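Heads up: the structure comes next, in structure tokens.
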Amino acid sequence: MLQMIVFGIICGLMLGFVLQRGRFCVVGAYRDLILAKDVRMLLATFVVIAIQSIGVYALNGTGVIQFANDGFPWLGTIVGGFIFGVGMVLAGGCATGTWYRAGEGMIGSWVALFGYMLGAAMTKYGVWKVYGDQLLSYRTRDTYIHETLNVSPWVLVVLVTVLVSFLVLRELRKPKLPIFQMKPKKKGMAHLLFEKRWHPFITALLVGLIAIVAWPLSAMTGRMFGLGITAPSANILTFLITGEDVLIDWGTFLVLGIFLGAYIAAKGSGEFRWRLPDKKTLRNNAFGGVIMGFGASVAGGCTIGNGLVNSALFAWQGWIAIIFFLLGTWVATYFTIIRKQKQTVGSFKAA
Amino acid sequence: MAKVLETTGMVCPFPLVEAKEAIVDMATGEELIINFDCTQATESIPRWAATEGHEITEFEQVDDAKWRIIVKKGN
């Protein structure tokens, strides 16, 4: 038990801290692709995938960790992925984003987080379970892309790593934009940890390393998976209501750690304050949270569990989920932001 | 003449979305003062200004999780 608490919290603390300081936001990364025509943050998510794939297949090779092989629930992943994508735009952050923004004092994220826990718990254990189980019953025989292609996973690890390295180098070679920086008020370590802007690729590198160590830390407590947010979030709420302590595992302490780590990072850098959005945003946060919980449960993971972890394992589920997360994000961004912009400012693009 | 844009309480990406809208009918050289409290905008607003060729004349954290940035419209 103590080991579970300590390993979970440590991993979560590091992740929450890094996400807050690096302003690492998956919904932002997906959204900016159409809103700002900016691929940099999306590329950062692929840096996480590439680094993690090397680490986890190396650990798998030594026998420290094993991967599940229970087919690819394609219908659940497609439907759930799309709904999750829509939900995270309305919720103002993906599952992890919601946990760390709650740590920054965003009340809208507390509302979204409650909705997310509720939606996920309803789908895993409650009245939506029948729909979830139905969607999850359509499975292919193969779980992994390399299994279908009948190649070693290392072929894909090398392919993705080479491709991502090439794109990163190309991005870094672009002429540097003269981005205005605030005058530093802190020095040394304090400046580095609590003030400096972190380059998204540095943040991605750190997230990738944390995602690797998550595997053995979690495995030592009997939970054979890497970073995962949805099941622990559903389980916390269900545990609080039922008192069933089997629901508590490494993941529970991971998500609590994310919240604490983000709070420490925000507090240390003067970025913590209770912030209340307007009523319309709160309504969207609540609704977005609930459907995000449903979506993540039937997709078999959120933008972390599927988008960063299953994708690094080269599970079909991870990659197909990313495609539908993107589609859902774009549809919701179109209806909540782009269409409104076109209505209010007709000459927006011309300017 | 400076124009003030109050986005405190708005979550991302709305401070930037509003700033983009507000700057459309401004004249070159005019200043837009944006008050915001969404952390991600500390990254996205300066980046947008640099990409669009607007100059940032002032950027400071005025309180816990509260920032003020002044963007001077470029050509």
Q | Built amide H within the under 5 Å cut-off of A:Arg197, gap 5+ | A | none
Q) When the dipole is taken about the Cα centre of the stretch A:145-242, and only Lys, Arg (+1) and Asp, Glu (-1) are charged at their Cβ, what size is it in debye, to the nearest 20? A) 820 debye
**Q.** Per-residue [θ]222 nm for chain B (sum of -39500 (n - 2.57) over DSSP H runs n ≥ 4, rounded to 500)
**A.** -9500 deg cm²/dmol
Q) Once both axes come from the Cα atoms, what is the angle between helix B:14-24 and the longest principal axis of chain B, in degrees from 0 to 90, rounded to 10? A) 20 degrees
(Q) Take A:Leu75 and A:Arg139, extend 7 Å from each Cα along the Cα→Cβ direction, and tell me the distance between the two endpoints in nm. (A) 1.4 nm
Q.
Please give the Cα centre distance for the stretch A:267-328 versus the stretch A:72-133, rounded to the nearest Å.
A. 6 Å
**Q.** Among A:Met88, A:Met14, A:Met292: highest mean-square fluctuation, GNM of chain A, C-alpha pairs under 10 Å
**A.** A:Met14
Q: Starting at the first residue of the stretch A:94-100, write each ³J(HN,Hα) from the Karplus equation 6.51 cos²θ - 1.76 cosθ + 1.60 with θ = phi - 60°, in whole Hz, x for Gly and Pro.
A: 6, 4, 5, x, 5, 4, 7
Q: Assign unit charges at the C-beta atoms only (+1 for Lys and Arg, -1 for Asp and Glu), then state the dipole size of the protein assembly as shown relative to its Cα centre in Debye, rounded to the nearest 20.
A: 680 debye
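Tell me the mean residue ellipticity at 222 nm calculated for chain A from its helices only (DSSP H runs of n ≥ 4, each -39500 (n - 2.57), averaged over every residue, nearest 500).
-22000 deg cm²/dmol
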Q.
If I take R0 = 41 Å and measure r between the Cβ atoms of A:Ile5 and A:Leu327 in this structure, what FRET efficiency does the formula 1/(1 + (r/R0)^6) give, to the nearest 0.05?
A. 0.60
Q) How many Cβ atoms of partner chains, on average, are near each residue of A:21-32 if near means within 10 Å of its Cβ? A) 2
Q) Projected onto the charge dipole of the stretch A:51-154 (+1 at Lys/Arg Cβ, -1 at Asp/Glu Cβ, origin at the Cα centre), which of A:Leu118, A:Leu75, A:Gly63 gives the Cα projection farthest towards the positive end? A) A:Leu118
Q | Distance between modelled label sites at B:Ile33 and A:Met189, nm, 7 Å Cα→Cβ extension | A | 3.9 nm
(Q) Highest mean first, how do A:162-172, A:295-305, A:109-119 rank when packing is the count of other Cβ atoms within 10 Å averaged over residues? (A) A:295-305, A:109-119, A:162-172
(Q) Please compute the length gained on full extension between A:Arg273 and A:Leu163, using 0.36 nm multiplied by the number of residues separating them and subtracting their Cα-Cα distance. (A) 35.5 nm
Q: Would you look at the GNM of chain A, springs on alpha carbons closer than 10 Å, and say which of A:Ala95, A:Ala58, A:Ala121 moves the most?
A: A:Ala58
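Among the listed pairs A:Lys340/B:Lys73; A:Lys187/B:Lys66; A:Lys176/A:Lys342, which have their C-alpha atoms separated by more than 26 angstrom in this model? List each step's numbers first, then the result.
Working: A:Lys340/B:Lys73 23 Å; A:Lys187/B:Lys66 21 Å; A:Lys176/A:Lys342 31 Å.
Pairs exceeding the cut-off: A:Lys176/A:Lys342.
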**Q.** Cα centroid separation - the stretch A:146-224 against chain B, whole Å
**A.** 29 Å
Q) To the nearest 10 degrees, how steeply does helix B:41-52 sit against the main Cα axis of chain B, on a 0 to 90 scale? A) 10 degrees
Q | the stretch A:1-146, dipole about Cα centre (Lys/Arg Cβ +1, Asp/Glu Cβ -1), debye to the nearest 20 | A | 160 debye
Q. Can you give the mean number of other chain Cβ atoms that lie within 10 Å of the Cβ atoms in peptide B:4-15?
A. 4
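Across the residues of B:61-73, average count of Cβ atoms on other protein chains within 10 Å?
Working: counts 6, 0, 2, 9, 11, 4, 2, 0, 2, 0, 1, 0, 0.
The per-residue average across the peptide is 3.
Each reported figure results from applying straightforward, stated rules to the coordinates on display, with no laboratory input. These numbers were taken from a predicted model, which means no experiment stands behind them. Every residue, glycine among them, receives a Cβ derived from its backbone with ideal geometry; neighbour counts consider all protein chains shown.
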